[in-house]
1. In debye, nearest 20: dipole of segment 19-334 around its Cα centre with unit charges on the Cβ of K, R (+) and D, E (-)?
2. Return, ordered by residue number, the residues of segment 294-314 whose backbone nitrogen is under 11 Å from a label point located 7 Å along Cα→Cβ of SER197.
3. Rounded if a/c is under 1.5, else prolate if a/b beats b/c, else oblate: with a ≥ b ≥ c from the C-alpha gyration tensor eigenvalues square-rooted, which is segment 19-334?
4. For LEU83, LEU170, what ranking results if the residue with the fewest other Cβ atoms within 10 Å of its Cβ goes first?
5. In nm, what is the difference between 0.36 nm times the number of residues separating SER179 and ARG277 and their Cα-Cα distance?
6. For the pair VAL204/THR132, report the inter-label distance in nm, with labels modelled 7 Å from Cα in the Cβ direction.
7. Quick one: if you stick a label point 7 Å off each Cα along the C-beta vector at ASN168 and GLN93, how many nm between them?
8. My understanding is that a pair violates if its Cα-Cα distance is over 20 Å; which of LYS101/LYS134; LYS101/LYS213; LYS134/LYS227; LYS148/LYS245 do that in this structure?
Amino acid sequence: MHISILPTYLLLYFNAYNSQQWDALSDEQIYFINNHSSSGWKASKHNRFTAISGVYNTLEYYGVKQFKRRILPIISHDDNNILLPDYFDSREQWGDCPSIKRIYDQSQCYSSWAVASVAAMSDRICTQTNGTVKVELSAIELVSCCSKCGPGCNFGFSEAAWYYWVRNGLVTGESNGNSSGCLPYPFPKCDHGSSDSYPKCGYVVYTPPVCNKTCRPGYSIPYINDKHFGKSAYQVKGNESDIRKEIMLYGPVEASIFIHADFVYYKSGVYRHLTGRLITIHSVRIIGWGIENDIPYWLCANSWNEEWGLNGYFKILRGSNECEIEAFVNAGRVNMK
């Protein structure tokens, strides 16, 4: 078991970070970003965190807890000399895998650790079976039933989510409002500050349902028979080349990133942190990479619905561990039985 030194680092980071800052939704902050000479990205007003009155209080405990312990082995692709292209998009590489194109909405539940993890697991089941198995695994099973993952809708431990997939398996369950699968995600899409289509996210964090190892009424497959297991789970060595090889060989990965105040304003371009305090630790999928205006980037899928950012996606600076995106990357292989 690998013990991480991140808690001390994170506490220092939280306490010491005092660069140029403005309150959330500051017009001055948006102006600063859009007129910065070397920004590389554009911002627009979002309300994502205005409805989270207690977010700063929860970060000290829940955000740091996510990194207290490394429970997965670390793998490297140093011995694999595969040629890496300048551009790669999993949506194009595995066009028969619809899950890769899906953008989720965690709603008013801080479950990105579960949502991003099961999204990447679902992608990998498809990519590693050559498109013959297409499922959407249940994020709410992790939120409700994975006791070692953390406090459910109040952040969690994504490595434990991958371990749970291998040890316990996961049933199916589609995302917001789609009552398909054994345990579908129960929380509706909401406005994270950029939507005219959904009601605004509320002030109260949802309480996840009690763990119920029974599928929803009307679903014909028994809970135990609906399980999909991972064969192995691991953390990818934290460098650009290893992460790119992992994605190209096996499919999208899940990564944890540090979210600063300016990120919630992201609209287009290649994001890099410019200003604002650290808000939270968040999990996303990395599905590819590329170069835009000579800036290398990771192509990532967020979980704030399709009306945020680039239709739910964002690009972030690649190769320099921007916002720690290359430091905590989780993945796994599929049990082919």
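1. Details: 30 positive and 31 negative charges, 186 e Å.
Its charge dipole is roughly 900 debye.
2. 305-308, 311-312
3. Details: a/c = 1.62, a/b = 1.18, b/c = 1.38.
Verdict is oblate for segment 19-334.
4. LEU83, LEU170
5. On the way: separation 98, 0.36 × 98 = 35.28 nm, distance 3.82 nm.
Here the answer is 31.5 nm.
6. Those two pseudo-labels are separated by 4.8 nm.
7. In this crude label model, ASN168 to GLN93 measures out at 3.0 nm.
8. Numbers: LYS101/LYS134 12 Å; LYS101/LYS213 29 Å; LYS134/LYS227 13 Å; LYS148/LYS245 30 Å.
Listed pairs above 20 Å: LYS101/LYS213; LYS148/LYS245.
Here, each number is a calculation from the coordinates, and none is a lab measurement. Note that the structure is a prediction, hence the values are computed from the model and not measured. Every residue, glycine as well, gets a Cβ built from its backbone with ideal geometry; the counts of neighbours run over all protein chains shown.
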